[in-house]
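Asks: Structure in structure tokens, see below.
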Amino acid sequence: MATGQLFSRTTQALFYNYKQLPIQRMLDFDFLCGRETPSVAGIINPGAEGFQKLFFGQEEIAIPVHSTIEAACTAHPTADVFINFASFRSAAASSMAALKQPTIRVVAIIAEGVPESDTKQLIAYARSNNKVVIGPATVGGIQAGAFKIGDTAGTIDNIVQCKLYRPGSVGFVSKSGGMSNEMYNTIARVTDGIYEGIAIGGDVFPGSTLSDHILRFNNIPQVKMMVVLGELGGRDEYSLVEALKQGKVNKPVVAWVSGTCARLFKSEVQFGHAGAKSGGEMESAQAKNQALRDAGAVVPTSYEAFEAVIKETFDKLVEQGKITPVKEVMPPQIPEDLNNAIKSGKVRAPTHIISTISDDRGEEPCYAGVPMSSIVERGYGVGDVISLLWFKRSLPRYCTHFIEICIMLCADHGPCVSGAHNTIVTARAGKDLVSSLVSGLLTIGPRFGGAIDDAARYFKDAYDRGLTPYEFVEGMKKKGIRVPGIGHRIKRGDNRDKRVELLQRFARTHFPSVKYMEYAVQVETYTLSKANNLVLNVDGAIGSLFLDLLAGSGMFSKQEIDEIVEIGYLNGLFVLARSIGLIGHTFDQKRLKQPLYRHPWEDVLYTK
């Protein structure tokens, strides 16, 4: 066990099992104390590496993350404190691994419920190797103005109120972390504050004892008096009694053992800590208080009188000239986190993204204001979801059914079209699903599947301006523009595309109006008079019929319809649909274990 000071303003720690809030509180304490370097040198997260971004004052810093204790100790040889936030299941093993590192001097174990047999092994190893274990079941410890472990002393407001940002003259040790916070406040009210405070933890076998730390404090010149808060159960306090009797402590000790109320109960009472249970008269709070009093400690008559005797002892030391109260300093202001400042109404900050189609902040996600449960309960299909997420409204069933038909009809068109071909080649090259899908999607454009928007745009413009099919087609010809949605490499006037016929039949049966589709059919009649392959293709059919859907539903204004066509909603329908087929082709090639594709020589014209 160490015989003097554990921490200083240059102490650095390794933090095991990343927890953002305790680490940030440590860094905020560093800034409050005016430290030049952060007290957390590295983070250990088993199986993970990289960096974690945190704040050191107003500066954002990156703290290295290591996957093993050994790697962290090698990377940060000056970090000699190991703060273990592992669960009780792995706390003992990770703590022992840390103790075995030559660079680690102090291990703080936060977890409760660590098996006692494991704790005993840790204690034995630490004592035989002159190392210190604080805990298990501890909040940690603090050296005022220098270093603190994890959540010790709570919030920054509490730390400032307890004057922990600069050193005082009192050494404090307790079993309870929660009561430590209370005592830091009490001591700050009636003295110049603490120099160092330790919560040894409430387990039956603490890694270090009350007397271990009192004896340390006795060797620290800056500590002029000690305050001890024990509790019923166990016999730890008696080691302090022996130290006092043997004259090993020559500084005033003010002590109180909590749990005097236990005698009011008819049966044995287990208090909050595992060790807070009286196992006989000697382990009662009354017996311990009396023993401490007899050994020379200053022991009040009750906890309520604890503060008064602390003040009395401190004042005597001041009068004797043994303590010169430290001068008060004004700590720097810790910058407030933006989220907290926004919540408290202190600042306002612009958002970075606007979303009007979905919201995941409540108990369940909503699509355009419709809860997910309602979507399922109402039996909505894919078309309904598209209507909510794309058009921000629930379209009539015939509209969503039409959308679903479009998706089914456009899902695939065989392996020979350019999109499917690209996907197949990429999949056979051993690439993953996303790469194979994207390689096919990138072929979609004005020459493949991307003519739906243009078809809708030109058909709408021509119909709305009252152009005859002749005027429309010949006008496009003069501009050197092919009519989008007209023409097919395979289909002819006497061999129409079955998909187009299915769409037209559905629309004539269910749509209130098909004026744009009929106009497209008239254009087709004219173009077929010029060439037998200039038929209305699936792009033209979907483009013209979507205009009828938007206009005939009565749910969109003219401006909204123009915007939908301009933005590219209709091509989005083809992209969504064809993704189904491209994914299918990827899986097909993977399943068939097809080798790398190489284009045959005989299919290439080699020329100068």
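Asks: Using alpha carbons only, how many degrees (0 to 90, rounded to 10) separate the axis of helix 515-528 from the longest principal axis of the chain?
Replies: On a 0 to 90 degree scale, this one is about 50.
Asks: Using only Cα atoms, tell me the angle between helix 452-464 and the longest principal axis of the chain; keep it within 0 to 90° and round to the nearest 10.
Replies: So the helix axis and the longest Cα principal axis differ by about 50 degrees.
Asks: Moving on. Probe 1.4 Å, all protein chains in place: accessible area of F314 in Å², nearest 10?
Replies: 10
Asks: Please work out the C-alpha center-to-center distance from region 475-502 to region 125-153 and express it in whole Å.
Replies: A separation of 80 Å, based on Cα centres.
Asks: Where Rh denotes the Kirkwood radius from the mean inverse Cα pair distance, what is Rg over Rh for the chain?
Replies: Rg divided by Rh gives 1.25.
Asks: Of all beta bridges DSSP finds with both residues in the chain, what is the antiparallel percent, to the nearest 5?
Replies: 40
Asks: For D157, what accessible surface area do you get with a 1.4 Å probe? Give it in Å², rounded to 10.
Replies: Around 120 Å² of this residue is reachable by solvent.
Asks: Would you kindly state the longest site-free stretch of the chain, with sites defined as GluC sites (Glu not before Pro) in a DSSP loop (not H, G, I, E, B) surrounded by at most 15 other Cβ atoms within 10 Å?
Replies: Free of exposed loop sites, the longest segment is 364-608.
Asks: Restricting things to alpha carbons, find the Rg to Rh ratio for region 13-320 using the Kirkwood radius for Rh. Mind showing how you got there, number by number?
Replies: Working: Rg = 19.2 Å, Rh = 19.8 Å.
Result: Rg/Rh = 0.97.
Asks: How would T527, T155, T426 rank on accessible area, largest to smallest, probe 1.4 Å?
Replies: Ranked list, largest accessible area first: T155, T426, T527.
Asks: Can you list the lysines whose alpha carbon is less than 26 Å from that of K460, not counting same-chain residues fewer than 8 positions off?
Replies: The qualifying lysines are K392, K477, K478, K479, K491, K498, K515, K530, K558.
Asks: What do you reckon, how do I354, I583, I149, I334 stack up by accessible area (1.4 Å probe), largest on top? Don't jump to the answer; show the numbers that get you there.
Replies: Working: I354 150, I583 50, I149 0, I334 25 Å².
Greatest to least solvent exposure: I354, I583, I334, I149.
Asks: Considering only DSSP beta bridges whose two residues both sit in region 13-320, what percent are antiparallel, to the nearest 5?
Replies: 30
Asks: Just to confirm the number: angle between the C-alpha axis of helix 20-33 and the first principal axis of the chain, 0 to 90 degrees, nearest 10?
Replies: 60
Asks: Excluding residues on the same chain fewer than 8 positions from K346, give the aspartates and glutamates whose Cα lies under 13 Å from its Cα.
Replies: E336, D337
Asks: Let me ask you something else. In straight Cα distance, which aspartates and glutamates are under 17 Å from K245, not counting same-chain residues fewer than 8 positions off?
Replies: Counting by Cα, and skipping residues close in sequence, K245 has these aspartates and glutamates nearby: D212, D236, E237, D294.
Asks: Right, something else. What translational D, rounded to a whole number of µm²/s, comes out for region 411-592 from Stokes-Einstein when the hydrodynamic radius is the Kirkwood one over Cα pairs, at 4 °C and 1.567 mPa s? The partial results should precede the final answer.
Replies: Numbers: Rh = 17.3 Å.
This corresponds to a translational diffusion coefficient of 75 µm²/s.
Asks: Under 5 Å between amide H atoms, partner at least 5 residues away or on a different chain: which partners does V254 have, H built in plane at 1.01 Å?
Replies: The list, which skips near neighbours in sequence, is M226, V227, V228, V298.
Asks: Considering only Cα-Cα distances, which of the following residue pairs are longer than 18 Å: K131/K163; K251/K322; K175/K316; K100/K131? Each step should come with its number before you reach the end.
Replies: Working: K131/K163 29 Å; K251/K322 10 Å; K175/K316 27 Å; K100/K131 10 Å.
Long pairs (Cα-Cα over 18 Å): K131/K163; K175/K316.
Asks: Can I ask one more? Can you grab the distance from the C-alpha centre of region 562-607 to the C-alpha centre of region 36-113, Å, no decimals?
Replies: Region 562-607 and region 36-113 have Cα centres separated by 49 Å.
Asks: Moving on. Just how far, in whole angstrom, is region 190-252 from region 412-449 if you go by their alpha carbon centroids?
Replies: Their Cα centres are 74 Å away from one another.
Asks: Note the full-extension length gain between E602 and A411 as 0.36 nm times their separation in residues minus their Cα-Cα distance, in nm to one decimal. The partial results should precede the final answer.
Replies: On the way: separation 191, 0.36 × 191 = 68.76 nm, distance 3.17 nm.
Stretched out fully, the E602 to A411 stretch lengthens by 65.6 nm.
Asks: Further question: Roll a 1.4 angstrom probe over the protein heavy atoms and tell me the percent of accessible area of region 352-403 that is carbon or sulfur.
Replies: Carbon with sulfur: 55 percent of the solvent-accessible area.
Asks: Quick one: which residues, 5+ away or cross-chain, put their amide H under 5 Å from the amide H of H488? H built at 1.01 Å from N.
Replies: Those lying under 5 Å, H to H, from H488 are V535.
Asks: Still on this structure, I have one more. Which trypsin sites (Lys or Arg not before Pro) in region 209-261 pass both tests, a DSSP loop state and at most 16 other beta-carbon atoms within 10 Å?
Replies: Of the trypsin sites (Lys or Arg not before Pro), the ones in loops of region 209-261 whose Cβ has at most 16 other Cβ atoms within 10 Å are R235, K248.
Asks: Whole-Hz ³J(HN,Hα) for each residue in region 96-110, computed from phi via Karplus 6.51 cos²θ - 1.76 cosθ + 1.60 with θ = phi - 60°, x for glycine and proline: what do you get?
Replies: Couplings: 5, 4, 5, 4, 7, 7, x, 7, 8, 10, 10, 10, 10, 10, 7 Hz.
Asks: Determine the calculated [θ] at 222 nm for the chain from helices alone, applying -39500 (n - 2.57) to every DSSP H run no shorter than 4 residues and normalising by the residue count; nearest 500 deg cm²/dmol. Spell out each step's value before the answer.
Replies: On the way: 23 runs with 262 residues, N = 608.
Roughly -13000 deg cm²/dmol at 222 nm, from the helical runs in the chain.
Asks: Now, a different point. W256 accessible area, nearest 10 Å², 1.4 Å probe?
Replies: 20
Asks: Give the shape of region 1-58 as rounded, prolate or oblate, defined through the alpha-carbon gyration tensor: a ≥ b ≥ c are the square roots of its eigenvalues, a/c under 1.5 means rounded, and otherwise the shape is prolate if a/b is larger than b/c and oblate if not.
Replies: Oblate.
Asks: Then there is this: Rank these by accessible area, largest first, 1.4 Å probe: L582, L534.
Replies: Per-residue accessible area, sorted high to low, gives L534, L582.
Asks: When only C-alpha pairs under 8 Å and at least 6 residues apart count, what is the relative contact order of the chain, in percent? Please list the in-between numbers first.
Replies: Numbers: 1073 pairs, mean separation 54.4, N = 608.
The value is 9 percent.
Asks: Counting only heavy atoms of the protein chains, get the accessible area per residue of the chain (1.4 Å probe) and round it to a whole Å² value. Each step should come with its number before you reach the end.
Replies: Details: 29740 Å² over 608 residues.
Averaged over the residues of the chain, the accessible area is 49 Å².
Asks: Once both labels are modelled 7 Å past Cα along the beta-carbon direction, what's the Q161-Q559 spacing in nm?
Replies: 5.5
The values are calculated or read from the model by the stated rules, or taken from the named source; none is laboratory data. As the structure is a prediction and not an experimental result, all values here were calculated from the model. As a convention, Cβ positions derive from the backbone with ideal geometry for all residues, glycine included, and neighbour counts pool all protein chains shown. Please note that ligands, DNA and RNA were not included when accessible areas were found on the heavy atoms of the full protein model with its side chains. Shrake-Rupley method; radii C 1.70, N 1.55, O 1.52, S 1.80 Å.
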